Each structure stands twice: as C-alpha cells, then as structure tokens.
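What follows is calculated from the coordinates using simple rules that are stated; it is not laboratory data. Source: prediction; values computed, not measured. So basically every Cβ, Gly included, is an ideal-geometry build from the backbone, and we count neighbours across all protein chains shown.
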Amino acid sequence: MTILLVATMILAISNFIAPAYEARSYYHDQIISLENQYQLLYRYSLHVDYHETQLKQIEQQLEDLQQLYDIPRNSAAFQKHFGKIQRENHLTVVAHQTSKENASRDLEKINIRQTLEGKYSNHMNYLKAILNDRNSILLERYALDTSAPLSNEPKLTADLQLTLFLPLK
Amino acid sequence: MNFISGLTGYSIKSEHQTRILLHGKLIYSIGHEQTVSEFSYETLKKRLIGTRRPLLFLASPYIHSYIHTTIQLSSREMETADQQLFGFRNPASPFIMVTSLKLNDKKALTIHSHLSKIGADLLAFKRREKVSFIWHPAVSSFITTLFQGSVDLLHEKGRLRIYLANELLQIEKQDNQLRCQHLNYLQNQKTFEDKKRTAERILEKSEGKQEYTTLIFADATTPDVESSNHLVDPLLFPPVRNRQIKTVTRIQKKRSLAFRSIIKRNNLLGIATFAVIVWAILINLHVSQINQQRLTKKRSIHILEQHSARLDQIAEIRLKYIRFVSIRQTANSLKIYPARFLARLDKILPRSVWVRSFAIRDDLVTLELLDSGKSGISTLMDQISRQCGETNLKSNEPITLEKTPIRKYAIEIKHLNSQTHYEKLD
C-alpha cells in the first residue's frame, strides 16, 4: 500500500506537476512576447476603419482615371478620337502615325506624329482641344509652316509630335 | 475518549465510595455500609447513576493482565518490555498500563494491564450515558494493595488465592517478598467449579497441595463468598502511590509498533498523495487557464495581422493612385502651349511682318519671319527678347517673293519665359 501511494505521488509529480510548471513558464514567456506584438499591431491597425473609408474614395477616383485612359489604350478608338476633333476644327490630315513603347516598369509611352493642314485659327483651336487639362498629352514638338505666306488666309501645315504616358493596368 | 481520566483518583481513598468489581459476566458491589451485593449488567447504569463517582475495578475480559518478575526497569524499559512482550499479540488495545513493584534491589514485579475491546466498549458506553466514575485494573490494584501491606490477608497462612470469573491470582509471601502466579483464559470452562478445579490442578501440579486463604468473587450461592466478604472490603481500594511503585500508562496512538499506527502512517501517505493529486489538478487547471489566455491573445493577433495585411493592401492601392495623379500633374506641368506663344508674338510683330514658319521644342523656338516694310530688325529683336526669352538672329537676307522684295529673318529663342509658355509646376 505504502509503495503504491509513494509510486502514485512520484508519478503525479513527474508526469503532471513538473511538466505543468515547465509549461506554465513557457506560456508566460509566450504571453509576454505576444502582448508586445499585440501592442505593436494594435497601434498599427488602430484606424483601419478610417483607411477603409478612404480606400473607397480612392478606388472610385482610380476607376475614373482608368476610364480616362481607356481610349488612348485602344489605338483605333484613339485615332477616332483625334479624327473627331480634327473634323470639328476643319483640319485635313496629311499624316498620322502612332507607336507604343514601355517607358518604365509600370509606365507605357504612346508617341503620335501628326501632319495637319488648315487655317491658323483652326490649328490654334485644335491645339486648345487636345492640350486641355483633362488629358495628359504632352506636346513635344510643334512646327507650323506656310507655303503661301503672302496670301490673306494662307493654308498652314502643322507638324505635331505628341507623347502620352499611361500607367500600366 | 480519554481513558486516563478514569485514573485521576489513583490515590483517593474514600470509605463511602461505592466500589464495583466487573469480571466475566459478574458484577460485585460494595456499598456505603460495606454491604456486598451482586447485580446484573442491566442494572449497572441505575447503580452508577445513584452514586457519587463510584470506583470500578475491571478484570478479565475487560482487562487482560500479565504478571512477571523482572529486574528493576526504568519507565522507558517498561514500555519497551511491554512492546517486546505483546507487540503484535494484542494490537487493538486502546489503553495499556505497566506497573512495576520494587521487590528488592535486583528484582521487581511487573504487571501489564491491557484494556480489551470489550472493556473499551463498556467504558465508552458508560461515558455516553454521562455516568461519572473512576476505574482501575483489578489484578494490578489487588497486587499493589497487598504489596503495600495495607491489607493483612497474607498474615495467617502466607498464601492467598483470589478467584475471579475468568482468572486466578495466587500470591505468596516468602521472606518478606511477594511471589505471584496468575492464571488467565479460564473462560473456556463453563461453571465456576470447573474453572476452580482446572486452576488448582495446574497450580498444585507444580507446587503440591498447600493451604491457601481463598477469596472468591463469584456466584453469591458459592458457600465461601459469605465468609469472605469481610476480606473483600479492604482489598477493593485503589492503591496508594509510593516510591516502590512505578507506573507507566500509554494510550493506543502512542504505540508506534501497533498495527493501527502503521495504518495511520499509510493514512498520512494517503493524505499526502491526495494533496499531491489535488496540487497536480490545480496546477494543470491553472496552466490550462494560462494556455487559454495565450490562445486568445494569438487569435487577437491573427485578427490584427489580417487588419495589418489589409492596411498594406490599402497602402499599395493608395501608392498606385498617387502614381496616377503624379503622372498627370507632371504631364500637365511639362505641357508647352504654342498658341499662347503665338498670340503673344502676334502682339509684338508689326503689321508688315508675318510668320512663315514656326517650330517649338522644349524651350527652344525657331522662327522664320518675312518683313515687307522697313520696321527695323533691332527693335523687333529687342521686344521679342524682353517678352519671350533669349533671342538670337540666325540670318537676315533679302528675298523676292511673288516679285515683291522682302526680307527674311531666321530667329532662335532660347530659354523661353516659363511664365508665358509653360504651366506652373505647382
């Protein structure tokens, strides 16, 4: 009986009490480290709701911006877009060339070369139309030439070199 | 139950106390007037209640007595002797009294009195009934009283036999010293006569037939009883303690070698084991609680990590948006506006001068002007330079156009005034 009781005590101490104390110390250490991590993360993600609200606005604006670039991304649509403005301003297209290249990892560059014929006022209105604030077309080079400088309403030939930078989707 | 309390009156001797001897199934009582009577066990309670602290003398089977001659023993040696003699033979005895009577310098008479279970039950029963009494082991009391010489029962023949229900005590006085013989376990014989015959046969076998003063505590019908009543009265008194008598009493729990103490040791171990198990349960419960706390914290961190990942996503989307916006802003800031330059130039040029060709790239403008009048190139250059930027005249040559002599100027304007021709960067 005595041996049985002593054996029970030894077994209880070695199998339950000693491991429990080891586990307790391990859990305590873990809780301290987790608490530190929790504090850091809590501070970082404290205003997640605010950021979520802001994100909705940003996403809406991004969607709007992406829509703006939808036309330049499609070559046919882009040419159609220019053609419409040229017709509105009574300009004759002599030449129109478009080429695309990647300017950087996340930026696409579209080069446009146009030769147009028309009156001075038409050229100026055309420039105003394509270089408005809504689109980000850059005019790299502009040349205006006339073959009949002495006439009252000379026909002018404009040579435009345009560039457009698009963020890659 | 405190059995020792029954011995507090060890040295009290009052002639008016009721004295009762319990032995076998017999109860023998001496009242106030030294009247001897016998009564049944059932009437004992009534007898005890009516008297003031009666004296009870217990013999077999309530008390088991053992007598032997030893050397003089110290108190510790008396205990050891008792344990060695009866270590496991009578383990359940709840009360033990060892009395040593000093016979001479070398010899002593040692009497062991062990309270039996029946005796303990009797005492417990009477205590429950709230009856107050003092009790003594009968055999030990008889021998001690005779040893002290307060009773002169040995004077006549020098030999005395006391017959009790289950035992016989024979005392002889030789050379002023007591010699005792004690026969126990006579309860197997059915009648008192059988017991007496058996005991005498045993004793006379070893010592021969001799004459004894007899004292019989037995059935009142026995002829000797009436004649010996006057002898009984002085014998049934508690012994007086003196230097020649040494007594050690022990109660059951102090008896280390008794079986119960071994059980108690296991009880202690059992309690310790129980405590260890409770400890194990409690510490494991505590650890489980801490683990729960840890898991809760982990879950919270997991949720926060999800928030954090979401915030990273939001940051990336915001970065993308900022890149978009900055591209647009940069493009707008780098735009050149030929129309604006040409409108300004229109204001500068005199009526006789008009533009034949115009080219603009970055902040460099090349102009080809035709002049049909005599406006003077220097004034024109000065005005363009002041309002548009650094102006250089590349060529100035006369040409004929449609039979009209005119002058052709080639002009280059560097570092165009940004306020005029570029959007502001901010």
In straight Cα distance, which lysines are under 24 Å from B:K374, not counting same-chain residues fewer than 8 positions off?
-> B:K347, B:K394, B:K403, B:K408
Pull up the cross-link candidates among the lysines for B:K102, meaning alpha carbon to alpha carbon under 17 Å and not fewer than 8 places away within one chain.
-> B:K173, B:K246
Shielding by partners for B:271-278, please: the mean number of other protein chain Cβ atoms within 10 Å of each residue's Cβ.
-> 4
Can you pull the mean other chain C-beta count within 10 Å for peptide B:329-341?
-> 5
Environment charge at A:L68 (Cβ cut-off 12 Å; Lys +1, Arg +1, Asp -1, Glu -1) | -1
For the B:K414, A:K119 Cβ pair and Förster radius 22 Å, calculated FRET efficiency rounded to 0.05 is 0.15
Degrees separating the helix A:48-68 axis from the principal Cα axis of chain A, which is the longest one = 30 degrees
Can you tell me the 0 to 90 degree angle between the C-alpha axis of helix A:18-44 and the longest principal axis of chain A, rounded to 10?
-> 20 degrees
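In peptide B:396-406, how many Cβ atoms from other protein chains are near each Cβ within 10 Å, on average? Kindly include the intermediate steps, with their values, before the conclusion.
Numbers: counts 0, 0, 0, 0, 0, 3, 4, 0, 1, 0, 2.
Per residue, the number of nearby Cβ atoms from other chains is 1 on average.
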Sequence of B:F217, B:F358 once ranked by neighbouring C-beta atoms within 10 Å, starting from the fewest = B:F358, B:F217
Relative contact order (percent, whole number), chain A, Cα cutoff 8 Å, 6+ residue spacing | 17 percent
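Listed highest first by mean packing, meaning other Cβ atoms within 10 Å per residue, what order do A:86-96, B:157-167, B:329-339 come in? Could you put the intermediate results ahead of the total?
Values: A:86-96: 14.7, B:157-167: 21.5, B:329-339: 17.2.
The packing order, highest mean first, is B:157-167, B:329-339, A:86-96.
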For the pairs B:K107/B:K196; B:K46/B:K196; A:K84/A:K128; B:K126/B:K195, note any where the Cα-Cα span goes beyond 23 Å.
-> B:K107/B:K196; B:K46/B:K196; B:K126/B:K195
By the C-alpha gyration tensor axes a ≥ b ≥ c (rounded if a/c is under 1.5, else prolate when a/b exceeds b/c, else oblate), the shape of chain A is prolate
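Normalising by the residue count of region A:69-169, find the relative contact order in percent from Cα pairs under 8 Å and 6+ residues apart. Provide the component values of the computation, followed by the final result.
Numbers: 167 pairs, mean separation 28.8, N = 101.
Computed over region A:69-169, the figure is 28 percent.
Within 15 Å, Cβ to Cβ, of B:Q177, how many net charges do the neighbouring residues add up to if Lys/Arg are +1 and Asp/Glu are -1? Mind showing how you got there, number by number?
Values: positive: B:K102, B:K106, B:K107, B:R159, B:K173, B:R179; negative: B:D105, B:E172, B:D175.
That works out to +3.
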